[in-house]
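Each remark here refers to the structure printed beneath this line.
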């Protein structure tokens, strides 16, 4: 009887030890899986909360923002140019159209009203361009410098070579123009540089050649 009881107790002890060992082994096996799952869950939450690439970081979005920024910059430049132009020239820049034309012997500065009935601005344009022809002939290029907030390319050489250049004022039906001509190669290059700058800064769309 004592032998049977001893055997039973020994068996029970062995079973309990086996069960405990199995449970411990199972816990160690499950721990990395649980930890990995928790890490992945945290990473996903961080991404959803803004940790990943957002729309502002997307190259396509940045490209769109850059285009908008450039467009806004052009608009600001044009507004400032018009404001300075109106102050220096004395007539509306939005009610008139500027054109700068290159010719083999020089070029043309032409300004006309957009509305044929706009007699007031037409008269102001004529008064201004008549003054421009006289000023340029005297080597005075202060007005373009004021309008563009910088010394226009070619103006220094045109001042130095003023005796080699002719500036002729002429009225048109809608405004006026200044005809520029020279036989001096250096003066011609300066006139063309000056007119190209005007075309680009005023964005007139006139040919650059």
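What follows draws every value from the coordinates through simple rules; no lab data is involved. Being a predicted model, the structure only gives us computed values, none of them experimental. Virtual Cβ from ideal backbone geometry, glycine too; neighbours counted across all protein chains shown.
Once you place label points 7 Å from the Cα toward the Cβ at residue 123 and residue 169, how far apart are they in nm?
Modelled inter-label distance: 1.5 nm.
Extending each Cα 7 Å along its Cβ direction at residue 97 and residue 200, get the distance between those two points in nm, one decimal.
Computed distance between label sites residue 97 and residue 200 equals 2.4 nm.
Based on the Cβ-Cβ distance from residue 150 to residue 189, what FRET efficiency comes out when R0 is 22 Å, to the nearest 0.05?
0.70
Once you place label points 7 Å from the Cα toward the Cβ at residue 159 and residue 143, how far apart are they in nm?
The two pseudo-label positions are separated by 1.6 nm.
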